[in-house]
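Worksheet for the structure shown next.
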Amino acid sequence: GLAKSTVSIYCKSVTIDDPERFRQHIARNTRSNADRGSKTYAHKQQCRIHSAISEARELWPTVRSDPQLLAFIALYWGEGKKRYHRHHTGQVSICNSDPGIIKASINAFKKLGYHELIVSLNIYPKNDPIIAKNKWVEFLGIDVNKVYEIMPRREHKLYSKYGVCNLYVKKAFKLWHSIMTWIDCWRMELGINESCQL
């Protein structure tokens, strides 16, 4: 817990008989401490995941009986980001050109207690960025953080003159595991054996 400069002051007066042996000793201890640290982190992460899944299973009957949340779970099952990567700890995002779907998702996130949302917009060269952004702000009632212009590989049919909206939830580790658990609970109720994460 000390600064390197402070440690350096105290170490200047230390003499080492066999510097090479001492370096090897430090290298061994550093590696073993790093291994212990990574194991501790992995264990904590597994505990967090287990806790989130257990809590989500307990909440499933409540979620199941709420039409708004159940509609959102069905929507996320079909449209949401379901890939899990250990470095990203799960990302909750949904992308659509239908403002009704994005609005319903915002309402569901807020109902679940997640209010920190990021909204970005993908537009094509045919879209007017200012009109598109203003329309989405009008539709959703929240600001659009970023607008990205996408260059299609081939001539793109313009499905929406206002572009495609991407909705992300900040700090979504627990929410991602909860949504995946609820999808699996519903999947089992419906008798569908295949997992949503192939």
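Counting only residues at least eight positions apart within a chain, or on another chain, the aspartates and glutamates with an alpha carbon under 17 Å from that of LYS133 are ASP98, ASP143, GLU149. Sparse packing (at most 13 other Cβ atoms within 10 Å of the Cβ) combined with a DSSP loop state is found for the following GluC sites (Glu not before Pro) in segment 41-144: GLU116.
Here, each number is a calculation from the coordinates, and none is a lab measurement. Quantities reported herein were computed from a predicted structural model and do not represent experimental measurements. Positions of Cβ are generated from backbone atoms using ideal geometry, with glycine treated the same way; all protein chains shown enter the neighbour counts.
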